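Below: one structure, written as structure tokens.
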Amino acid sequence: MTLFTQGMKQVETSAEPDACVIWLHGLGAGADDFIPAVPYLKLPDSLGVRFLFPQAPDRPVSINGGWEMPAWYDILKMLPEREIDPAHLQEAALGLHELTRQQVDAGIAENRIFWIGFSQGGAVVLEAALNGGRYMTADHSVSQPAAIFALSTYQAQPVEQPHPKLGEMIFWHGHGSQDDVVPFSMGKKAAELTEQKAADSQWQPYPMAHEVCVAELEAIGHFIQHRLGQ
């Protein structure tokens, strides 16, 4: 078990799931944070999905006075553009790719695997997708999920080693118009980048703060069903 999967929660909607959603929580939250959101996706019973909810490690967070809390990476400054520890972010993104490969090895097709990340978790999924070339190894090609959902988040690193299939990838961005944690403009900026570089990118604003809402979850569920041909 790697640092990335310690404390990970798992929910399956059938005895033999053939699709997978990997969902990363935000700063200070836990692996069980989004388990209650699953029913709001309204996925049909016929669709067998494995939900994986990884747990971020506890680490000191500079902007919070060095207090330890679950964090995918340290945030050094809020400018409002974040100054972060890139090694932490890249460790988490690598873990996401490794977990995705484990699911492929377990028999779930890569084009039936989805990444969802909220806030800090969203920055991780964007890093893993946009800079996918950074995570290729001699033994493994880089993962290419069916779609990437970036919720109430931002792009934490510039695109320096792009995913070799970035131009084929699909992104879905959701953000609250009243978000007082991650400015709306930062979420829009990330969406504009993926719109330029990916095969498809959707931007969905919602009248909410730094959170998810029922309408957003239902839209995500509908999008997943569409991608799976349901």
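The values are calculated or read from the model by the stated rules, or taken from the named source; none is laboratory data. Please read all numbers here as calculations on a predicted model, not as lab measurements. Ideal geometry is used to build each Cβ from the backbone, glycine not excepted, and the neighbour counts take in all protein chains shown. For the accessible areas, the whole protein counts, side chains as well, though only heavy atoms, and no ligand, DNA or RNA atoms are used. Shrake-Rupley method; radii C 1.70, N 1.55, O 1.52, S 1.80 Å.
Name the one entry in Asp45, Asp32 that is open to solvent by 10 Å² or more (accessible area, probe 1.4 Å), at negative phi, in contact with a strand residue (DSSP E or B) (Cβ under 9 Å, 6 or more places away or on another chain) and not in a strand (DSSP E or B).
When all the criteria are applied, what remains is Asp32.
If Gly174 satisfies every condition in (1) open to solvent by less than 20 Å² (accessible area, probe 1.4 Å); (2) under 24 Å from Asp74 (Cβ atoms) but one, which is the exception?
(2)
Could you tell me whether any residue of the stretch 124-137 is at positive phi and touching a His at 6+ places or on another chain (Cβ under 8 Å)?
Kept after step one, since they are at positive phi, are these residues of the stretch 124-137: none.
Scanning the stretch 124-137 turns up no residue that is at positive phi and touching a His at 6+ places or on another chain (Cβ under 8 Å).
When residues of the stretch 69-122 are filtered for being closer than 15 Å to Val49 by Cβ, open to solvent by 60 Å² or more (accessible area, probe 1.4 Å) and among the polar types (S, T, N, Q), how many remain?
Result for the stretch 69-122: 1.
Give all pairs with beta carbons closer than 9 Å in which a residue from the stretch 62-89 that is at negative phi and of a type in the set (Phe, Trp, Tyr) meets a residue that is open to solvent by 60 Å² or more (accessible area, probe 1.4 Å) and assigned to a strand (DSSP E or B); count only pairs at least 6 apart in sequence or on separate chains.
Matching pairs, first to second residue: Trp67/Pro60.
Within 30 Å of Pro207 (Cβ to Cβ), in contact with a helix residue (DSSP H, G or I) (Cβ under 8 Å, 6 or more places away or on another chain) and surrounded by fewer than 20 Cβ atoms within 10 Å (Cβ to Cβ): is that true of Ser152 in this structure? Can you show your working first?
On the way: within 30 Å of Pro207 (Cβ to Cβ): yes; in contact with a helix residue (DSSP H, G or I) (Cβ under 8 Å, 6 or more places away or on another chain): yes; surrounded by fewer than 20 Cβ atoms within 10 Å (Cβ to Cβ): no.
So Ser152 does not fit the description; no.
Which pairs have Cβ atoms under 7 Å, sit 6 or more apart or on different chains, and link a residue in the stretch 186-203 that is on the phi < 0 side of the Ramachandran plot and open to solvent by less than 30 Å² (accessible area, probe 1.4 Å) to one that is of a type in the set (Gly, Ala, Ser) and not in a helix (DSSP H, G or I)?
Short answer, once both residue conditions are applied: Gly187/Ser152; Ala190/Ala150; Ala191/Ser201; Thr194/Ser201.
Give the stretch 136-171 a look and list any residue that's of a type in the set (Gly, Ala, Ser) and closer than 15 Å to Val21 by Cα, or say none. First the steps, then the outcome.
In the first step, residues of the stretch 136-171 are kept if they are of a type in the set (Gly, Ala, Ser); the result is 138, 141, 143, 146-147, 150, 152, 156, 167.
Selection gives Ser143, Ala146, Ala147, Ala150.
Pull up the stretch 204-225, narrow it to residues that are without any contact (Cβ under 8 Å) to a residue 40 or more places away in the chain and not in a helix (DSSP H, G or I), then point me to the one that is most open to solvent (accessible area, probe 1.4 Å).
Pro207
Only one of Asp45, Asp33, Asp18, Asp58 is touching a helix residue (DSSP H, G or I) at 6+ places or on another chain (Cβ under 7 Å) and over 20 Å from Tyr135 (Cβ atoms). Can you tell me which? Lay out the reasoning, then the answer.
On the way: Asp45 fails: touching a helix residue (DSSP H, G or I) at 6+ places or on another chain (Cβ under 7 Å); Asp33 fails: touching a helix residue (DSSP H, G or I) at 6+ places or on another chain (Cβ under 7 Å); Asp58 fails: touching a helix residue (DSSP H, G or I) at 6+ places or on another chain (Cβ under 7 Å).
After applying the criteria, what remains is Asp18.
Six or more apart or on different chains, Cβ atoms under 6 Å: show the pairs whose first residue is in the stretch 167-184 and on the phi < 0 side of the Ramachandran plot and whose second is among the hydroxyl-bearing types (Ser, Thr, Tyr) and exposed (fewer than 12 other Cβ atoms within 10 Å of the Cβ).
If the second residue must be among the hydroxyl-bearing types (Ser, Thr, Tyr) and exposed (fewer than 12 other Cβ atoms within 10 Å of the Cβ), the pairs left are Phe184/Ser177.
Has the stretch 128-135 got any residue that is within 28 Å of Glu16 (Cα to Cα), surrounded by 24 or more Cβ atoms within 10 Å (Cβ to Cβ), in contact with an Asp or Glu (Cβ under 8 Å, 6 or more places away or on another chain) and modelled with pLDDT of 95 or more? Working first, answer last.
Residues of the stretch 128-135 that are within 28 Å of Glu16 (Cα to Cα), as a first pass: 128-129.
From what is left, the residues that are surrounded by 24 or more Cβ atoms within 10 Å (Cβ to Cβ) are 128-129.
Among the residues that remain, those that are also in contact with an Asp or Glu (Cβ under 8 Å, 6 or more places away or on another chain) are: none.
No, the stretch 128-135 contains no residue that is within 28 Å of Glu16 (Cα to Cα), surrounded by 24 or more Cβ atoms within 10 Å (Cβ to Cβ), in contact with an Asp or Glu (Cβ under 8 Å, 6 or more places away or on another chain) and modelled with pLDDT of 95 or more.
Just checking: which of the strands (runs of 3 or more DSSP E) contained wholly in the stretch 93-202 hold 2 or more residues that are of a type in the set (A, V, I, L, M)? Before you say what the answer is, go through the steps one by one.
Numbers: elements: 113-118, 147-151, 170-176.
Counting at least 2 such residues, we get 113-118, 147-151.
Among the residues of the stretch 1-29, how many are buried (at least 19 other Cβ atoms within 10 Å of the Cβ), of a type outside the set (Val, Ile, Thr) and at pLDDT 90 or above?
Total meeting the criteria: 9.
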